[in-house]
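Note sheet for the following structure.
Just so you know, all these numbers are worked out from the coordinates, no wet-lab data involved. Remember, predicted model here, so these are calculated numbers, not experimental data. With ideal geometry, Cβ positions are generated from the backbone for all residues, glycine too; neighbour counts draw on all protein chains shown.
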Amino acid sequence: MSLKSFLKPYRGMRDYLPKDLYERRVVEEAIRELFKLYCYEEVETPTIEYYELLAAKVGEETRKTMYVFKDLAGRTVALRPEGTAPIVRLVASKLKTAPKPLRLGYIWDFYRYDEPQRGRYRRFYQGGFELIGSSKPEADMEILSISIELMKKLRLEKFQIKLSDVGVLRGLMTSWGVDENVQNRVLSLVDKKNYVEAIKELEAANLDEASISKIAGLFKLKGSNYKSILAEAKSMVSLCEHSVRSLENLEVILDYMRDVYHEPEYILDLGFARGLEYYTGMIFEVFVEDLDIALIGGGRYDKLIELYGGEPTPATGCAAGIDRLVLAMRLNNVTPPLPPNKRVYLYILDGVPLSYGFKVSTELRANGIPVEVEVMGRSLSKGLSTASKKNCPYTLILGSKEAEAGLVTLKDMSTGLQETLTLREAFSRIKSNFNV
């Protein structure tokens, strides 16, 4: 095959052109602003980790889509498919003696060999918030608050938050002696809304008909009237203390969140699960209309740090899909306008010492003024045409007479007005219009 055959990106990956990257940066800046406002410290881990670390609790579906390979020493490694496991590794190693709570943030790329589709790529970006050390509902509320504030910052005002608590289903299944591996398979199927197969898994585990009927009933409990749903669910699981506590925890969180944030539509869905096995408590996802993929998702994972050799440490967190948020902004017509093209086009005429031209450009940049120097050998007329096509507000023309006198010619590209000025005068004129 010729090299031309490889000019398209690898399937599921994408090139980011300037406009694409600008939109991504807008979301990243909003995430970093929330790092600052909520006191999260940004960290970064390697893109490649040991396979065993990443695969331990991510769930079978994620394990199947991981990019796994042998390094030159024969060790099995993988590209990170999600952010919580690397964060937990940090907490269990370098940050194990750090005072709690820890508030850690990240903006990383991730890799999964998923089937590419709308809003889903094999290389994707997420911004994460991990709150380590608190088992209190206020920690979960903080993570929900961050998610809501991010949507508001991006002007995605009409959105829905779907919530549940993994402890409701896990509590029941554990009380009935259902093996943890079976529980994981059931919840993985529930995550895909494949309730029929989930029930079959429980039947294969020899669960009695009454218990299976109770689980099937919980799968159907969904809606915005969370008080009535919780009341019905509590009556169904009244003999399981763990499940009751999980429902009471959800009620506390929803009561307070609705007091603070009225705008989102809160949907309680007890037939909702997430594909990652490490969740132990409250879970949630954020959606907008016309886009059937979660923009933000997360939940509580109280046992993961201990699994990796750390002290028993409760934790909760969320991750925002940056590419998905950009897509949602486009669908809702809130794509940010590109920044104004504030730059000076610098044309150095023949016979002018290049050192003078580059001295001028250096001083402009030192004063915060972007400069694009003509380097293609175009004629002056073509250079001015290029500056016009690039929407440069000003062109600086340096001729030999100006160079000898320490002057420059400043051309206003919108009016065509051309003046010969001192460098100081030109800088002042440009700076006042560029607001630098």
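Helix-only arithmetic for the chain: the sum of -39500 (n - 2.57) across DSSP H runs with n ≥ 4, divided by the residue total, places the mean residue ellipticity at 222 nm at -13000 deg cm²/dmol. Taken along the Cα-to-beta-carbon direction at a fixed 7 Å, the label points for Ser414 and Lys70 span 6.4 nm.
Sorted largest first, the spans of the alpha carbon positions of segment 239-305 along the three principal axes are 38, 28, 23 Å.
Of all the C-alpha pairs in segment 344-434, what % are more than 18 Å from each other? Cα-Cα pairs in segment 344-434 separated by more than 18 Å: 36 percent.
When the alpha carbon gyration tensor of segment 166-261 is reduced to an equivalent ellipsoid, the three semi-axes, largest first, read 25, 14, 12 Å. Normalised by residue number, the volume inside the convex hull of the Cα atoms of segment 295-343 is 135 Å³ per residue.
Between Leu331, Ile283, Pro314, the Cα set farthest toward the positive side of the dipole of segment 262-401 (charges on each charged residue's Cβ, about the Cα centre) is that of Leu331. For a label point 7 angstrom out from the Cα of Lys136 toward its Cβ, which stretches of segment 20-47 have the backbone nitrogen within less than 16 Å? Counting only backbone N, you get 39. Checked against a 27 Å cut-off, the cross-linked pairs Lys152/Lys389; Lys234/Lys303; Lys193/Lys214; Lys100/Lys303; Lys57/Lys100; Lys57/Lys227 give Cα-Cα distances beyond that limit for Lys152/Lys389; Lys57/Lys227.
Of the trypsin sites (Lys or Arg not before Pro) found in segment 1-105, the ones in coil according to DSSP and having at most 14 other Cβ atoms within 10 Å of their Cβ are Arg11, Arg14, Arg75, Lys94, Lys96. Across every pair of non-identical alpha carbons in the chain, the mean reciprocal distance, once inverted, gives a Kirkwood radius of 25.3 Å. Size estimate for segment 179-337 follows the Kirkwood approach: the inverse of mean 1/r over distinct Cα pairs works out to 17.6 Å. Between the helical axis of 423-434 and the longest alpha-carbon principal axis of the chain there is an angle of about 30 degrees.
So what's the angle, to the nearest 10 degrees on a 0 to 90 scale, between helix 209-219 and the longest Cα principal axis of the chain? Approximately 30 degrees, to the nearest 10. Its Cα gyration tensor gives segment 246-358 an equivalent ellipsoid. The semi-axes, each the square root of 5 times an eigenvalue, are 49, 22, 13 Å from largest down. Annotation: amide H of Leu346 within the under-5 Å range of Glu372, Val373, Glu374, Leu396, sequence separation 5 or more or interchain, hydrogens built in the peptide plane.
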